[in-house]
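Below is one structure, written out as structure tokens; the observations come after it.
The values are calculated or read from the model by the stated rules, or taken from the named source; none is laboratory data. Here the structure is a predicted model, which is why all the values come from computation and not from measurement. Here the Cβ positions follow ideal geometry from the backbone for every residue, glycine too, while neighbour counts run over all protein chains shown.
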Amino acid sequence: MNIGYRVYGLAALALGVIGIVWADFASVWQPVPEHLPHREMLAYLVAVTELLAGLSLLWWRTAPSGALTLAVLFVIGVALLQIPKVVAHPLAIGPWGGVAEQSALVAGGLLAFAMTAEIESIALYRACWILFGLCCIVFGLEHFQYENETAAMVPKYLPMGQHFWARATGTAHIAAGLGILTGIRARLAAQMLTAMFLVFQVLVHAPVLIADPHDHMSWTINAINLALTGAAWIVADSLKGRAVWGVQALA
């Protein structure tokens, strides 16, 4: 139970380094308006915050403050950058995907805070599980809505074809979300989701980065996928010995 939040912390550290190296907001924070006053200074501030919070998560004593800092930081991202896009296009799945990506990281950060601070609030845990489960369903719907784009990311050498894996992973996201939301095999669902994110890292994102190590977006995508891996791992750890709705047994 000490690995998930550290993976999450390493991802935040990576986002911080990316922001410092490029002197810009990591792509997860885009689009930050170009005309924003003191934009570069704010980009450095966010990057340093991510870096320090990520480092804090590597040690148990400082982990609660690091986790809470990241959760608040991602909440700000949702509120200021993602929600306005949803308001402008409420029926489009793309903006909801942006909300889901950062909200999943909010859930992971809050759960990491609760566990490392040894806070036993079932209301807090349940709220985070519900939020994370809903995000997983949005991820799955994105796979189907943007099937061609998702399929294009699948390595061509895999059997069954790229579109098969686009649909299969979309279905897996939805199934994981439903498992976490209902409490039916919730921990197993979170564990399998963690494994799937790890496969994405190895087969999809890392090769793109290796092919073009100077690309800002490739670094960001790898860091975000690692953060989602950590968040899913945290969810799985948080479900050990706990039932989502109090009476259902977990795997």
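Taking into account only those residues within region 3-55 that are modelled with pLDDT under 80 and either outside any helix (DSSP H, G or I) or in contact with a strand residue (DSSP E or B) (Cβ under 7 Å, 6 or more places away or on another chain) (or both), which is surrounded by the most Cβ atoms within 10 Å (Cβ to Cβ)? Top of the filtered list is A26.
Does region 35-53 include one or more residues that are closer than 14 Å to Y8 by Cα, of a type outside the set (F, W, Y) and either touching a residue at least 40 places away in the same chain (Cβ under 8 Å) or touching a Pro at 6+ places or on another chain (Cβ under 6 Å) (or both)? Yes: region 35-53 contains one or more residues that are closer than 14 Å to Y8 by Cα, of a type outside the set (F, W, Y) and either touching a residue at least 40 places away in the same chain (Cβ under 8 Å) or touching a Pro at 6+ places or on another chain (Cβ under 6 Å) (or both). Entry remark, region 83-118: residues being part of a helix (DSSP H, G or I), more than 19 Å from N225 (Cα to Cα) and out of contact with any Pro (no Cβ under 7 Å at 6 or more places or on another chain) number 7 in total.
If you filter region 56-82 down to residues that are out of contact with any helix residue (DSSP H, G or I) (no Cβ under 7 Å at 6 or more places or on another chain) and either part of a helix (DSSP H, G or I) or of a type in the set (D, E, K, R) (or both), you find that the one that is surrounded by the most Cβ atoms within 10 Å (Cβ to Cβ) is V72.
Counting only helices (runs of 4 or more DSSP H) wholly contained in region 180-251, the ones carrying 1 or more residues that are crowded, with 22+ Cβ neighbours inside 10 Å and either under 20 Å from the mean Cα position of the chain (by Cα) or touching a residue at least 24 places away in the same chain (Cβ under 8 Å) (or both) occupy 186-200, 216-238.
Selection of first residues in region 127-149 that are farther than 13 Å from A190 by Cβ and of second residues that are buried (at least 21 other Cβ atoms within 10 Å of the Cβ) and of a type in the set (F, W, Y), restricted to Cβ pairs under 9 Å at least 6 apart or on distinct chains, gives the following pairs, ordered by first then second residue: V138/W96; L141/W96; E142/W96.
How do the pairs read when you match residues in region 70-86 that are touching a residue at least 40 places away in the same chain (Cβ under 8 Å) with residues anywhere that are β-branched (V, I, T), using Cβ under 8 Å and keeping only pairs 6 or more apart or on different chains? Cβ pairs passing all conditions: A71/V106; G77/V28; L81/V32.
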